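For reference, the structure discussed in these notes is given below.
The values are calculated or read from the model by the stated rules, or taken from the named source; none is laboratory data. Because the structure is predicted, anything quoted here is derived from the model rather than measured. Cβ atoms come from the backbone with ideal geometry, glycine included; neighbour counts cover every protein chain shown. Heads up: the accessible areas ignore ligands, DNA and RNA and are worked out on the full protein's heavy atoms, side chains in. Shrake-Rupley method; radii C 1.70, N 1.55, O 1.52, S 1.80 Å.
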Amino acid sequence: MLDVTSVAQLDKLLSANGSKLTVIDFHATWCGPCHAIAPKYAELAKEFTGVQFLKCDVYVNAALYAAIVPMTNQRSVRSDAAGDVSRKYSVAAMPTFIFIKNGQKVDQVRGANPSALEATIRKHAGAGSGAFSGKGQTLGGDSAPADGTPEVSAGLDPQMTLLLGLLGLYGLYRLFNKA
């Protein structure tokens with residue numbers, strides 16, 4: 001996953017990617033929600049190998065940063081290193097995910113919403129994105145259900161059954177031993 005630092009670099013990456021989907025994660029080092037969704041973004045990058053995943057670290061200016069974060073660590077204040085890229089796509093909140101196809105913005109997701117991020121990638125990635133799209137097989141060798149929904153066991157998980165049984169026995173013990 002590459003870090004984008006300029007519009008010139010981004011333009012080269014987009015032209016090399018052709019008509020495939022590109023997703024850019026606009027984030028900031030001081031942004032908690034950005035850190036929270038980062039593992040999901042990395043997971044999606046591994047799943048959708050036909051999609052180009054990029055990151056763009058957007059720093060705020062020193063005055064705004066000082067207003068947000070107490071100035072205990074002056075070394076962490078930087079200038080807007082990728083401001084031209086964030087301005088090109090009018091990024092005003094972080095995280096923001098911009099979706100680009102054929103050099104044009106086709107969609108965006110604002111905020112750390114993993115389900116919306118994944119749904120938007122699936123919507124625009126199309127066939128051949130590298131994600132598994134076949135019907136698949138179960139371990140027993142049978143085909144997956146035709147409608148694509150996984151089979152769900154009617155019973156409880158064995159560990160849950162054991163836990164509930166033990167709780168019931170403990171309740172009975174307490175009920176009959178109130179001496």
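Summary table
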{"item": "Per-region count, the range 84-101, residues in contact (Cβ under 8 Å) with a residue 40 or more places away in the chain, of a type outside the set (D, E, K, R) and either out of contact with any Cys (no Cβ under 9 Å at 6 or more places or on another chain) or not in a helix (DSSP H, G or I) (or both)", "result": "9"}
{"item": "Meets criteria (in a helix (DSSP H, G or I) and closer than 16 Å to VAL85 by Cβ) for CYS34", "result": "yes"}
{"item": "Filter result (surrounded by 20 or more Cβ atoms within 10 Å (Cβ to Cβ) and of a type in the set (A, V, I, L, M)) within the range 15-43", "result": "LEU21, VAL23, ILE24, ILE37"}
{"item": "Residue check, LYS135 open to solvent by 60 Å² or more (accessible area, probe 1.4 Å), charged (D, E, K, R) and at pLDDT 65 or above", "result": "no"}
